[in-house]
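**Q** Sharing a structure here in structure tokens format.
The values are calculated or read from the model by the stated rules, or taken from the named source; none is laboratory data. The shown structure was predicted, so the numbers you read here are calculated from the model rather than taken from an experiment. Backbone-built Cβ (ideal geometry, glycine too); neighbour counts: all protein chains shown.
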Amino acid sequence: LGIKENIPVSGATLFKLKNYILEEYKNKGYYGTEVKMSLSEPDEKGYVKISVSVKEGQKARIKEIIFHGNTHFTSSRLKRVMKTKEKKTIIFTGKFDEEKFNEDLKKLKTFYLNNGFPEARIDSFKNEVKGKDLFVHIYITEGKKYYFGDISIGGNKFFSEQELLKRVKIKKGTIYSQKNIDKSIEELTSIYGDSGFLYVNITPFQEGIKDSSIDIKFYIFEGPRIKIRKIDIVGNTKTHDEVIRRELDVFPGEYFSREKLIKSQRDLYYMNFFENVEVNFTPTNDSNLVDLVFKVSEKYTGNVGLGATYSQLDGLSFYFQIQQPNFRGKGEIVNFLIEYGFKKRNFQISFTEPWLFGKKQQAGFSLYSLTTYYPQYTVQRNGGNISYGKRLFNDYWRIFTQYTLEKTNVYDIDSILLTHPYYSYWAQKGWQWSSAINYNLSFDNRDRFFNATRGNIFSYRGELSGGPLRGDIHFIKQEFEFSKLFPVSKFFISAASLKTGYIRGISHPDSVPFYERFFLGDVGTYGLRGYEANSVGPIENGVNIGGRIYFIFTFEQRYRINDNMYLLAFFDAGNSFKNVNTLRPFIVKKGVGVGIRMEIPLMGVIGFDFAYGIDSKKWMPHIQVGTSF
């Protein structure tokens, strides 16, 4: 308020103080509060005392919202538009929030504008207090219901009227909607923006009213067609200029394109090197030229770490890792890992060049030795691979292939498992060579790599082991995944994913090693939260033999706290089946729960979920490292 000792006092000061007190009481739900102010006589130094007397009113909650003048829409329909609610439950407390209520009045006006009533207005409102009950009266003048009449365009020179009308979202004879007028402006702005008209201005006019129809004309001021003179990169303290420039779809000398600019910004975000990417325009002496400035803010990438990790599947492990996805600031990916734990021992070294020969293609290699101690057996894998990938079409599509040569041994198999012929067969094999090729076709247009707000992911993954590639292990594996993210509001994001896969032996459908089959549970590639790792699969004679076909459905409702953190509530459902003949799409294991995801500098993405297995009837914690979708 700025009211303190030793300042001059005026009538305005007292008025400000009184209104502040009344407003505070009103925000707390008290109505009829009376505030009286008085000043003492000045002392010998001219100082006075301010006395405040408050008579608190009744604390009231909204008993009923009453609409007056609404004939086309019911009161219950209008109430659904508002955030202000009547007191009914613990959730809807009936508190009157003036700021929220003023927003509701705007929403009511917008609702009428979008449903055929351009002349509608909210005339007034009043609060009526009866004891502890508050009755909110809202007075509305709806006006006449209108439809769109003739739609036309003026001022256009570069595009014909017929071309532009195809992008307009309103049609003659449909109900008048301000939202659809605004969408039409966005579409027209987009088509001009993609053709170099950076300063285009589009204004809709009501050309005439005939009975219950309104003619709309979009007047277009095209402005000059703009070319890009030069592109500057600022803020990149580590990443080289050429690493950023090669991701851009906009180039000096080209006409400005809004679509290409948005995609360029998205691609820079998706590199996961930058906290923020801003695009600014700098005018030049030539009105037909602009300079583009990409301002980036580097984020911590990679880590050199010595520490410990824990997961349900791998238990407690100690590790030393050097990981850098932006090695030397050139976008090269380097990883060196030594991991030693009670359930896992891992050595890995890998390198990937994302722009081989300066083109949109990547190549890499990896060498590894991995020993995993499962509760009932141990699997040791030693091998290496070489890989090649390429971007396709509009850069959202990618194709990737990898050749792997691996030597595998399974030992220390539990005696209970050995009673099943399937496990006893593979226990006698000893070291087995695997010669395999993996292939992957994927589409990903998410707006961010982590904590995305919108986008789709599609992936087809296949693997051929043995057969013409030789080796001791022969099978074909195919997997599909589709995920979708879309914003519900500014902070709430809905995300859904469906994964399915199938594997079969080449000589016989069941001639697949058990460690290559699908075991679901915990988190990760075959995660099913609410269930222990590798616990979900077909059971024979009390033994989980792993499935040859599986599917997992996931739905998450996310709440974005900021770009680096979100909360989530989730539902998982899935199962693994022995073969196609035993597939039962509606016999699934289900889990629900809540969780959190955080992107921590030098550590990456870390998450924690607390899940309840509906079928297992158990609560279970899950630690997530990395992001799933």
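**Q** Just one of the numbered conditions (1) modelled with pLDDT of 95 or more; (2) part of a loop (DSSP other than H, G, I, E, B); (3) not small (G, A, S) is not true of K169; which one?
**A** If we test K169 against (1) modelled with pLDDT of 95 or more; (2) part of a loop (DSSP other than H, G, I, E, B); (3) not small (G, A, S), just (1) comes out false.
**Q** Same structure, new question: Residues in the stretch 19-35: is at least one farther than 17 Å from F96 by Cβ, among the aliphatic types (A, V, I, L, M), surrounded by 12 or more Cβ atoms within 10 Å (Cβ to Cβ) and more than 50 Å from the chain's Cα centre (by Cα)? Write out each step before concluding.
**A** Of the residues in the stretch 19-35, the ones farther than 17 Å from F96 by Cβ are 19-21, 34-35.
Next, from what is left, pick out any that are among the aliphatic types (A, V, I, L, M): 21, 35.
If we keep only those that are surrounded by 12 or more Cβ atoms within 10 Å (Cβ to Cβ) too, we end up with 21, 35.
Within this subset, residues satisfying the condition of being more than 50 Å from the chain's Cα centre (by Cα) are none.
Among the residues of the stretch 19-35, not one is farther than 17 Å from F96 by Cβ, among the aliphatic types (A, V, I, L, M), surrounded by 12 or more Cβ atoms within 10 Å (Cβ to Cβ) and more than 50 Å from the chain's Cα centre (by Cα), which makes the answer no.
**Q** Just give me the residues in the stretch 376-430 being among the hydrophobic types (A, V, I, L, M, F, W, C) and touching a residue at least 24 places away in the same chain (Cβ under 8 Å), in sequence order. Show your work before the answer.
**A** We begin by selecting, within the stretch 376-430, every residue among the hydrophobic types (A, V, I, L, M, F, W, C); these are 379, 386, 392-393, 397, 399-400, 405, 410, 413, 416-418, 426-427.
Within the stretch 376-430, V379, W397, I399, F400, L405, V410, I413, I416, L417, W426 meet the criteria.
**Q** Also: Restricting attention to the stretch 5-17, does a residue exist that is part of a loop (DSSP other than H, G, I, E, B) and among the hydrophobic types (A, V, I, L, M, F, W, C)? It would help to see each step written out before you state the result.
**A** Residues of the stretch 5-17 part of a loop (DSSP other than H, G, I, E, B): 5-10.
Applying the additional criterion that residues be among the hydrophobic types (A, V, I, L, M, F, W, C) yields 7, 9.
The answer is yes, given that some residue of the stretch 5-17 is part of a loop (DSSP other than H, G, I, E, B) and among the hydrophobic types (A, V, I, L, M, F, W, C).
**Q** Which one of these is part of a strand (DSSP E or B), closer than 30 Å to P601 by Cβ and modelled with pLDDT of 90 or more: N409, N335?
**A** Numbers: N409 fails: closer than 30 Å to P601 by Cβ.
None of the other options fit; the residue is N335.
**Q** Answer yes or no as to whether R454 is in contact with a Pro (Cβ under 8 Å, 6 or more places away or on another chain) and of a type outside the set (S, T, N, Q).
**A** Numbers: in contact with a Pro (Cβ under 8 Å, 6 or more places away or on another chain): yes; of a type outside the set (S, T, N, Q): yes.
Yes; evaluated as a whole, the condition is true for this residue.
**Q** I need a count of the residues in the stretch 303-324 that are at pLDDT 75 or above, crowded, with 18+ Cβ neighbours inside 10 Å and not polar (S, T, N, Q).
**A** 0
**Q** Just for strands (runs of 3 or more DSSP E) wholly inside the stretch 528-629: which have at least 3 residues that are aliphatic (A, V, I, L, M) and not assigned by TED's automatic domain parsing to the domain that holds Y502? Lay out the reasoning, then the answer.
**A** On the way: elements: 549-562, 565-577, 589-600, 604-613, 618-625.
Here the list reads 565-577, 589-600, 604-613, 618-625.
**Q** If you don't mind, there's one more thing I want to ask. For the stretch 288-298, state whether one or more residues are closer than 20 Å to R328 by Cβ and either buried (at least 16 other Cβ atoms within 10 Å of the Cβ) or among the β-branched types (V, I, T) (or both).
**A** Yes: the stretch 288-298 contains one or more residues that are closer than 20 Å to R328 by Cβ and either buried (at least 16 other Cβ atoms within 10 Å of the Cβ) or among the β-branched types (V, I, T) (or both).
**Q** Pairs needed: first member in the stretch 505-518, small (G, A, S); second member anywhere, assigned to a helix (DSSP H, G or I) and exposed (fewer than 13 other Cβ atoms within 10 Å of the Cβ); C-beta distance under 8 Å; at least 6 residues apart or different chains.
**A** Taking only residues 6 or more apart or on different chains, not a single pair turns up.
**Q** Across the stretch 110-131, which residue is nearest to F96 (Cα to Cα) among those that are among the acidic types (D, E) and outside any loop (DSSP other than H, G, I, E, B)? I'd like the intermediate steps shown before the answer.
**A** Restricting attention to the stretch 110-131, the residues satisfying the condition of being among the acidic types (D, E) are 119, 123, 128.
Remaining after also requiring outside any loop (DSSP other than H, G, I, E, B): 123, 128.
Numbers: D123: 19, E128: 12 Å.
It comes out as E128.
**Q** If I filter the stretch 59-80 for residues that are under 30 Å from E34 (Cβ atoms) and hydroxyl-bearing (S, T, Y), do I get at least one hit?
**A** No, the stretch 59-80 has no match at all.
**Q** Can you name the strands (runs of 3 or more DSSP E) wholly within the stretch 26-86 that have at least 2 residues being in the same structural domain as D133 (by TED's automatic domain parsing)? Step through it out loud before you land on a result.
**A** Numbers: elements: 34-39, 50-55, 61-68.
Answer list for the stretch 26-86: 61-68.
**Q** Can you report the number of residues in the stretch 101-126 which are within 36 Å of the chain's Cα centre (by Cα) and either surrounded by 14 or more Cβ atoms within 10 Å (Cβ to Cβ) or touching a residue at least 12 places away in the same chain (Cβ under 8 Å) (or both)?
**A** In the first step, residues of the stretch 101-126 are kept if they are within 36 Å of the chain's Cα centre (by Cα); the result is 101-118.
Still in the running and either surrounded by 14 or more Cβ atoms within 10 Å (Cβ to Cβ) or touching a residue at least 12 places away in the same chain (Cβ under 8 Å) (or both): 101, 103-105, 107-118.
Qualifying residue count, the stretch 101-126: 16.
**Q** Would you mind stating whether I596 is under 25 Å from R454 (Cβ atoms) and touching a strand residue (DSSP E or B) at 6+ places or on another chain (Cβ under 9 Å)? Show your work before the answer.
**A** On the way: under 25 Å from R454 (Cβ atoms): yes; touching a strand residue (DSSP E or B) at 6+ places or on another chain (Cβ under 9 Å): yes.
The answer is yes for I596.
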